[in-house]
Amino acid sequence: MTAAPTRRGFLAGAAAGAALPLLGGAPAPAATTVTETAGPLQARRPTVRRGRAIAASRDGKRLVVAHDRRRTIAIHATKGSSAPRIVDVGGQPMEVAISPNGRLAAVTTAFSDEPGLAIVDLRSAAVHTRADVGPDPFGVAFTAAGTTLVVSGGEQEGALHVLDARTFAVTARHAVGIVPRAVVTVPGSATAWVALNGEDHLFRVHLRTGRVTRKLRTPWLPDRLALSPDGERILVTHGGPDADRVSEIVIASGRVHQHQAGALPSGVGWSARGRRVVALAGTGEIVVLGRGRKRTRRAVGGEPRGLAIAGERAWTVDNLTGTVKGARL
């Protein structure tokens, strides 16, 4: 869940137990191997692809993992034991989103390594096209209908880029504020929420006009976002080396409730039944937040980065090894 230090937060470099079964239960290696020549001998060295972000298709059959410090993503099937397919996206991947029909992945690339947006065909495991979405793109999200794609970025000169998800042409660019991070679209409307890490606010932005239709103040360094299935609440992670809480904001009133989740939340989400879920990089867990102080913890080990949810299943990826771990909620 890196670049020069800013108020964007510290989770880009944050790292965190027994592991739960991988995907459909079949064990998988933590790394693939390549053969390299060492003088007259052949030495086998592991190629480790560290995980930095993860997304799940709506039906939960496919996962896409963005790799840290590399130019690749991995496409995983959640059933069976086939090896993941590796795709070079032309730059350091930052965040990833899967289209509602499950056919495409949108991957932002940045950190001065070919900034842009890569569109990957998940069936052919090939880059379909790349688009210019300004400097330092970060968050990416499809609308529920799958017709529009939204990208946040720009750091100090923060912006939202809006694209036609059929042609991948940029249709609008809106200035939003300092250091935009995660972005989530609002089903049934032409709006999206964006976390402004440099301003301690969430903005709801109209995607056609760029008008800010709502502002919500948050605790410092808002980072990742997740909108509840009923559209009434937002979960927010926060940056910082001592982060241990996530915020739950009631949109209608703006009321903020902070949940003490555990060390270094790196991703948040909601299950289909409205359960609040957090990935913890500091303790190697997926945590379900219950009422009051009740917590249900699923040990996944390693240093989880990001969170993907489909129905009542959740997945995260280890920043140390790139291994994907899954848990039933």
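Number of residues in the range 262-274 that are part of a loop (DSSP other than H, G, I, E, B), farther than 17 Å from residue 294 by Cβ and not hydrophobic (A, V, I, L, M, F, W, C): the value is 0.
Considering only the range 199-230, state which residues are over 24 Å from residue 156 (Cα atoms) and touching a Ser or Thr at 6+ places or on another chain (Cβ under 9 Å). Step through it out loud before you land on a result.
Applying the first criterion (over 24 Å from residue 156 (Cα atoms)) to the range 199-230 yields 227-230.
Matches in the range 199-230: 227, 229.
Summed over the range 236-261, the residues that are assigned to a strand (DSSP E or B), open to solvent by less than 30 Å² (accessible area, probe 1.4 Å) and either farther than 19 Å from residue 194 by Cα or in contact with a Cys (Cβ under 6 Å, 6 or more places away or on another chain) (or both) give a count of 1. For the range 155-171, which positions are more than 18 Å from residue 99 (Cα to Cα) and surrounded by 18 or more Cβ atoms within 10 Å (Cβ to Cβ)? Once the filter is applied, which keeps residues that are more than 18 Å from residue 99 (Cα to Cα) and surrounded by 18 or more Cβ atoms within 10 Å (Cβ to Cβ), the range 155-171 yields 155, 158, 159, 160. Reported count of residues in the range 278-316, each being open to solvent by 20 Å² or more (accessible area, probe 1.4 Å) and in contact with a Lys or Arg (Cβ under 7 Å, 6 or more places away or on another chain), is 3.
Can residue 225 be described as aliphatic (A, V, I, L, M) and either in contact with a helix residue (DSSP H, G or I) (Cβ under 8 Å, 6 or more places away or on another chain) or within 24 Å of residue 144 (Cβ to Cβ) (or both)? Answer is yes for this residue. The condition (being open to solvent by 10 Å² or more (accessible area, probe 1.4 Å), at pLDDT below 95 and among the polar types (S, T, N, Q)) is satisfied by just one residue among 124, 112: 112. Looking across the range 197-209, the residues that are open to solvent by less than 20 Å² (accessible area, probe 1.4 Å) and either under 22 Å from residue 171 (Cα atoms) or in contact with an Asp or Glu (Cβ under 7 Å, 6 or more places away or on another chain) (or both) come down to 197, 203, 205, 207.
Annotation: residue 95 fulfils all but one of (1) charged (D, E, K, R); (2) farther than 24 Å from residue 237 by Cβ; (3) at pLDDT 95 or above; the unmet one is (2). Of the residues making up the range 170-202, those that are charged (D, E, K, R) and in a loop (DSSP other than H, G, I, E, B) are 199, 200. Give me the residue from the range 173-184 that is open to solvent by 20 Å² or more (accessible area, probe 1.4 Å) and under 20 Å from residue 118 (Cα atoms) and, out of that set, farthest from the chain's Cα centre (by Cα). The qualifying residue farthest from the chain's Cα centre (by Cα) is 173. Taking the numbered list (1) surrounded by fewer than 20 Cβ atoms within 10 Å (Cβ to Cβ); (2) closer than 13 Å to residue 138 by Cβ in turn, residue 152 passes all entries but (1).
The values are calculated or read from the model by the stated rules, or taken from the named source; none is laboratory data. Fair warning: this is a prediction, and the values are worked out from it, not measured in the lab. So basically every Cβ, Gly included, is an ideal-geometry build from the backbone, and we count neighbours across all protein chains shown. The protein model used for the area step is the full one, side chains on, heavy atoms only, and it has no ligands, DNA or RNA in it. Shrake-Rupley method; radii C 1.70, N 1.55, O 1.52, S 1.80 Å.
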